[in-house]
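Where a number appears in this text, it was derived from the coordinates with a stated rule and is not lab data. Note that the structure is a prediction, hence the values are computed from the model and not measured. Here Cβ is always computed from backbone atoms with ideal geometry, including for glycine, and neighbour counts include all displayed protein chains.
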Amino acid sequence: MTVSRSRRWVQGIIATTSLAFFSLATPAATDFDPSEHRGARLLVDELAGQGIQRRWLEDALRGAEYQQNVLEAMEGAVERRLRWDEYRAIFLTPERIQSGVGFIEAHRRAFERAEAEFGVPPEVIAAIIGVETSYGRFTGSHRVLDSLATLAFHHPQRGDFFRGELAAFLEITHEQNVDPGDLMGSYAGAMGYPQFIPTSYRAYAVDFDDDGVRDLWTNPVDAIGSVGNYFARHGWRAGEPIYQEANGPVAPPGGIEFNRTDKPYRKVAELAEKGIRPEAEMDAAQEVIPLALEVDETTWRYRFGRDNFYVITRYNHSHLYAMAVTELAESIRDSLGLQTVPLVISADDEEANS
């Protein structure tokens, strides 16, 4: 077991233990009636002070139900326990690739407009939606209201974060005249085709078909535009690659922190000193995100994440997620024969352009 994997294992045990302890202190059944639940009452006071009807808020929270399985699901995210080859196999399937092709063909005008307006290629937007919900087919089986109320008031580490998401969810549903108890999503409260959490919905969702409603639950056109807007607002660089292929030693060398989902932070020259070099020529002073992907028990693959790789990790802070999105986008692009700027730079590209 490597040092990094050992650390992740210990952290997982600590997190699971704290959650188990917290769950033991949680009643087997509870609700969020503001007349009895202090946290819910304070949230009602806060939102009522912003102009939302108090009775509506009280009725909404009174209908929320505590879900222990939501807390358990939060500790079992696959990004935390799978190797790259195992994670990749979930999303890089012929069915998901061909469904992505069909999704772009069915909404080609929306994708073309999104690329023109936001600079994000169709295959990247489609890959996000494909990874998140298989193009809208699986948008979640949990009531968003239940998930967010449970996490807001019972998650041992991230309660404050989810309290903000619950508040945003109530604001959105009130504004759009939707019953908050009717909407389904993920165990973490993500919603619709692109699985936006409520604060992202509020900040980045767009009415891309100009029908007067920002609808990410049933409207794929709004979802396409919203993903494009999200990427543009987070700094997507049109025409630039997402990552570059690299070669390196049999095992990741010490002295480098790999797979951090920060902005590019290590110079190409520094990585070369450790034996990790790009396949295609790069400026030695350029900063990249050094990626080491575990393919099996004895094999590693190296890549240099660029600024657009970092942007994808703003959607999900996992390097495995960003890589799966990129490879799915590449496969969709190849299947469609799109003539967009290459998403990946490798030695093959350098030879083709020489």
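Observations
- Pairwise label distance in nanometres, Ala285 with Trp56, each label 7 Å out on the Cα-Cβ vector: 5.6
- Segments 182-195, 282-295, 219-232 sorted - mean Cβ within 10 Å per residue, highest first: 219-232, 182-195, 282-295
- Relative protection proxy for 137-145, 93-101, from highest mean packing down: 137-145, 93-101 (other beta-carbon atoms within 10 angstrom).
- Computed over the chain: relative contact order in percent, which uses C-alpha pairs under 8 Å that are six or more apart: 17
- Legend: calculated FRET efficiency, Ser35 to Glu105, from the Cβ-Cβ distance at R0 = 56 Å, rounded to 0.05, equals 0.60.
- The chain - mean residue ellipticity at 222 nm from DSSP helices (-39,500 (n - 2.57) per run, n ≥ 4, rounded to 500): -15500 deg cm²/dmol
- Normalised by residue count, the chain yields a Cα convex hull volume of 145 Å³ per residue.
- Karplus-based coupling profile of segment 261-273, in residue order and whole Hz: 8, 9, 4, x, 9, 10, 6, 4, 5, 5, 6, 4, 5, with θ = phi - 60° in 6.51 cos²θ - 1.76 cosθ + 1.60 and x standing for Gly or Pro.
- When only Cα pairs below 8 angstrom with a gap of at least 6 residues are kept, segment 222-354 shows a relative contact order of 34 percent.
- Gaussian network model of the chain, Cα within-10 Å springs - most flexible of Glu123, Glu330, Glu46: Glu46
- The stretch between Met184 and Ile90, if pulled fully straight at 0.36 nm per residue, gains 31.6 nm over its current Cα-Cα span.
- As a rough footprinting exposure proxy, the listed residues His154, His234 were ranked by other beta carbons within 10 Å of their own, and the order from fewest upward is His234, His154.
- Residue-normalised convex hull volume from the C-alpha trace of segment 82-233: 121 Å³ per residue.
- Most mobile of Val325, Val213, Val70 in a GNM of the chain (Cα contacts under 10 Å): Val213
- A cut-off of 5 Å between modelled amide H atoms, ignoring neighbours fewer than 5 places along the same chain, links Gly189 with no other residue.
- Treating each Cα of segment 94-176 as one equal point scatterer and applying the Debye formula with no solvent, the log10 of I(q)/I(0) at q = 0.26 Å⁻¹ comes out as -1.06.
- Positive-end residue of Val344, Ser99, Ile312, charge dipole of the chain with Cβ unit charges: Ile312
- Note, ³J(HN,Hα) from phi for segment 207-216, Karplus 6.51, -1.76, 1.60, rounded to Hz, x at Gly and Pro: 8, 7, 9, 6, 9, x, 9, 8, 10, 9
- Remark: the chain carries a charge dipole of roughly 920 debye about the Cα centre, counting +1 on each Lys and Arg Cβ and -1 on each Asp and Glu Cβ.
- Amide hydrogen neighbours beyond the local backbone of Met184, cut-off 5 Å, H modeled: Val144
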